[in-house]
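As structure tokens, the structure follows; a few thoughts come after it.
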Amino acid sequence: MTTTAARKVKTVPRRTTRVRAPAAGEARFVYRFDQLPEVERRARSWDQVKALLGGKGANLAEMTRLGLPVPPGFTLTTDACRAFLRSGSWPKGLWEEEVAALRELERRTGKRFGNATDPLLVSCRSGAKFSMPGMMDTVLNIGLNAETVQGLAALTGDPRFAWDAYRRLLQMYGSVVLGVPDEPFERTLSEWRARRGVQNDADLEAKDLQAVAEQFRQIVRATSGREFPDDPLEQLRLATEAVFRSWQGKRAQDYRRAAGIPDDLGTAVNIVAMVFGNMGRSSATGVATTRNVSTGENSLEGDYLINAQGEDVVAGTRTTEPIAHLAEDMPSMFRELQRIARLLEKHYREVQDIEFTVERGKLWMLQTRDAKRTARAAVRIAVELAKERLITQVEAVLRVAPEQVDFFLHPQFDPTSIRTARSEGRLLAAGLNVSPGAAVGQLAFDADTAERWTKEKRAVVMIRAETKPDDVHGMLASRGILTSRGGRTSHAALVARQFGKPAVVGAMALEVDAERKLATVKRSPVILREGDWVSLDGTTGEVFLGKLDTVQPSLDDPFLLELLGWADRFRRLGVWANADYPRDAERARALGAEGIGLCRTEHMFFEADRLPLVQTLILSRTEDDRRRVLDQLLPLQRGDFEGLFRAMAGKPVTIRLLDPPLHEFLPAHDTLLKELTQLETRLELSPVKTALLSGEVERKRAMLAAVQSLRELNPMLGLRGVRLGIHMPGLVQMQVRAIFEAACNCLEQDIEVFPKIMIPLIATANELKWQRSALEEEARRVMAERKRKVPYQFGTMIEIPRAALTADEIATLAQFFSFGTNDLTQTTYGISRDDAETGFLSEYLAKGILPENPFDHLDEGGVGKLMELAVRLGRKTRPGLEVGICGEHGGDPKSIDFCHRLGLDYVSCSPFRLPVARLAAAHVALRERPRRRS
Ligand code: PEP
Ligand code: MG
């Protein structure tokens, strides 16, 4: 099949190739864009086509098939790249195939490679299966040399254009193929701009560019020790090799590691007939996305430049025009672009990121791919595509990763803090708001410093004039990214969006001097230096001096709510919340919680009005003293629980009785000792021994004695959980009384309640038996006093391996189980959840001894096996036993996946994680369904 583009060009057969192309059935390395059906016969799915041709090659071929204006070209497959990289040399037959395809390109375009009068020029572009923007190499204008540049000048009647194309080839070729640094080229260009008194390269004249080209040749010779090859075939061969090798480049490797792309895929290489956006005012080049990829709004979004080549737009070296202006500059091109954008979205059923060039009034499509987008845009786009019936609701739900929902949880700046900063004149600059979220950090002017500081646990904002692929490691390490140049599609913007980093680009008021590590601010005396604090708002594009306060965003984005509503229809797992206070419970309900899976009652004891009471309780010597304090605590706890029941209105509320070791409520031993010593010294030296001072010393002594008596070497394995309840029954009895009195109060007001009393940290069934009978007696007492029947359940946490191993016995006494996987991970591994993560665990992770942190993601192989056993044994004793999870893993998508497979009834997580959990639970359920289409 011929392309629209190919049909329009002259197709005078010039000569037939002498190089033999492979016969039918032979393994091939090269496919023309119009040979997609042949690729499809070999690769059975679109995914495999992409694996073979790379994303760019596959989509160029697909656009060709759709009849869109794609310049003719061909693709060297990833097989070819892998074979080349394996042996370090050209696999047999590859070069012959490439040359044969080039000859065919000559035939189709009617131009000849290396011909002095009508030269064919090609680009050599990388293109892996998964897009890695800017991470690998590309060489444009291959085929130009001292002779053909003259031919091109004569043919186009535009010597300026020809010399500009030639100097670009020399520069790109020098840097990509021969490893010549960019600086000498850039210096030469800026010297010429200064000499001619112009701002842009586009304002240099033909003879200037001719001189620039000559200097570039000398730079190549002097720096690489090699002459720039005049033979176009040699140019092509070396450029192809360089692009293959760029797969192994450091920045490509860094990017793959960060994006989780396997190292063994290789890149395809696309050889495409050149079209030129720099042929004067009727030519242009640009990039666009078919919808706004920052907000998700359904409108074409992008940038373009008149009279420029593609890299000018992305590099951010010239300030681009927003795509909407194309409607005025080139109305028919704009309409055509809109038509193609719609067609591509319909075809791919996905928002596209396109590159185009207008060559003397003719539009050419150079690339299309699924667009990267912010989390906010991902949600809106998925919902709107489903409403437009381009995709189903199932697909919409699956298109948003649970981790993306995390964005809605990113902090934003507190509006008051913004107002104050403004009024104090701390607004430094405004740029493009390319990746939302608030970032506060110290300025680092280079990627290595950014990375190093982050390792030192400093908050970093990386600032550059513009970023390059070499900066990616620093960008990934930083909290936020700030550039003074570049547009929405600049490298900085793309990378920031993909990795969810708040970013402001093109903040033109800043003049960044990376060498001297300072930035000046136009119309302001402020000079920013390395280490200065700034706050950048990727949502509005504003940059402030100093640290602004941040607040949690509201999670009421209507598109997110709609998507989560759809997700709820597909999930099987219940999603509950860990909430300690009524205000948390209210938030949790608003975010879709179907119950409270864990209320850590000790948190209530830390409140300012309670802590002194709890301390007095601990210090009490007599039963009477203890009773007096408990009587004071009772109404406070009752109020807490009433608030929770009200907020949850009939939904289950799981209340865990006191868990932590008592010393956590007392001051730290060493601090107390120091304070006491100081007081004693004061008392000794004081001429007047006041009663006040003596009393204070006495109190401190008593406190220290209590702390010492409660001191344990391993408090996490000590007197806590159920052990504490058995040891100090009065406290938990008071909690149970408070729960039931609160429940009766609610019932009297017609508020439904369903308390679930949960006993922590049991190891044996006997502990539960002992505790349950004591507590149920109290419960019955309250119900009798109030003449009310409260529906309730009595259950336990599974946090110790022995509990999991004897779950059948435990289930005789427990009406529900909830996995406390924080403790279960700690006790299964025998590592401390308080110390390990800041100690040897990070070394284990760095050395790969542990593939991931078991406190982040459930350890399926170990902890998971215990859970599986506990579920099975528990349900053997008590069929239908309700089992949930309330450790931190309950909000982790990967662990949620596992919990679903384990057959748990619900996951419980912090209120802000609820949207993530709802979506993750839907994903795992949907992935289980038989697939209709890939
Ligand atoms: C747990 O151990 O997983 C749990 C939820 O309890 P805590 O974190 O309070 O010990
Ligand atoms: Mg625990």
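3J(HN,Hα) along segment 274-284, derived from phi through the Karplus expression 6.51 cos²θ - 1.76 cosθ + 1.60 where θ = phi - 60°, amounts to 5, 10, 10, x, 10, 9, x, 5, 8, 10, 7 Hz, with x in place of Gly and Pro.
Across the accessible surface of segment 743-828, with the other protein chains kept in place and a 1.4 Å probe, carbon and sulfur atoms take up 50 percent. Determine the share of segment 360-482's accessible area contributed by carbon and sulfur atoms, expressed in whole percent, with a 1.4 angstrom probe. The value for segment 360-482 is 48 percent carbon and sulfur by accessible area. The long axis of helix 669-685 is offset from the longest Cα principal axis of the chain by roughly 60 degrees. When you filter the GluC sites (Glu not before Pro) in segment 642-746 for DSSP loop state and at most 13 other Cβ atoms inside 10 Å of their Cβ, you are left with E712.
When +1 charges are put on Lys and Arg Cβ atoms and -1 charges on Asp and Glu Cβ atoms, the dipole computed for the chain relative to its Cα centre reaches about 2380 debye. When the C-alpha to C-alpha distance is required to be over 31 Å, the pairs from K789/K894; K362/K387; K207/K372; K129/K501; K111/K468 that qualify are K789/K894; K362/K387; K207/K372; K111/K468.
Heavy-atom accessible surface of H923, to the nearest 10 Å², is about 10 Å², with a 1.4 Å probe and all protein chains retained. Straight-line cross-link reach from K689 at under 17 Å between alpha-carbon atoms covers these lysines, not counting any fewer than eight positions away in the same chain: K700. Debye sum, Cα scatterers, segment 270-397, no solvent: what log₁₀ I/I(0) at q = 0.14 1/Å? Here the Debye-derived log intensity ratios amount to -0.61. Probing with 1.4 Å while keeping every protein chain in the model, the per residue accessible area of segment 411-500 equals 37 Å². Given R₀ = 56 Å, what would the calculated FRET efficiency be for E852 paired with L155, taking r from the Cβ atoms and rounding to 0.05? The pair E852/L155 has a calculated efficiency of 0.40. Of all aspartates and glutamates in the structure, the ones whose alpha carbon falls short of 15 Å from that of K250, not counting any fewer than 8 places away in one chain, are D137, D263, D264, D448, D470, D471. Put a plus charge on the Cβ of each Lys and Arg, a minus charge on the Cβ of each Asp and Glu, and nothing anywhere else: the dipole of segment 711-755 about its Cα centre is then about 480 debye.
Overall shape of segment 167-217 was characterised from the C-alpha gyration tensor. The equivalent ellipsoid obtained from it has semi-axes of 20, 11, 8 Å, in decreasing order. The base-10 log of I(q)/I(0) for segment 458-541, evaluated at q = 0.17 Å⁻¹, reads -0.62 [Debye formula, identical scatterers on Cα atoms, solvent excluded]. Give a quick list of trypsin sites (Lys or Arg not before Pro) in segment 748-817 that DSSP marks as loop, anything other than H, G, I, E or B, with at most 15 other Cβ atoms within 10 Å. When the trypsin sites (Lys or Arg not before Pro) of segment 748-817 are filtered for loop state and at most 15 Cβ neighbours within 10 Å, K787, K789 remain.
Expressed as a whole percent, the accessible surface of segment 34-158 that belongs to carbon and sulfur atoms is 47, based on a 1.4 Å probe.
Identify the trypsin sites (Lys or Arg not before Pro) of segment 501-586 meeting these criteria: DSSP loop state and at most 14 other C-beta atoms within 10 Å of the C-beta. Hits after loop and neighbour filter: R516, K522, R523, R572.
Out of every Cα-Cα pair that the chain contains, those further apart than 40 angstrom amount to 52 percent. Projecting the Cα positions of I618, A477, G730 onto the charge dipole of the chain (unit charges on Cβ atoms of Lys, Arg, Asp and Glu, taken about the Cα centre) puts A477 furthest along the positive direction. Counting 0.36 nm for each residue step from L926 to D47 and taking away their Cα separation leaves a gain of 314.4 nm. Counting only alpha carbon atoms, the long axis of helix 623-648 and the longest principal axis of the chain meet at about 40°.
The listed residues L94, L902, once ranked by accessible area (1.4 Å probe) with the largest placed first, stand as L902, L94. Excluding same-chain neighbours fewer than eight residues apart, the aspartates and glutamates reachable from K769 by a Cα-Cα span under 15 Å are E777, E778, D808, E809.
The values are calculated or read from the model by the stated rules, or taken from the named source; none is laboratory data. Bear in mind that the values here come from a model prediction, so they are computed numbers and not experimental data. All Cβ positions, even for glycine, are placed from backbone atoms using ideal geometry, and neighbour counts span all protein chains on display. Each accessible area value is taken on the protein alone, full model and side chains, heavy atoms only, with ligands, DNA and RNA left out. Shrake-Rupley method; radii C 1.70, N 1.55, O 1.52, S 1.80 Å.
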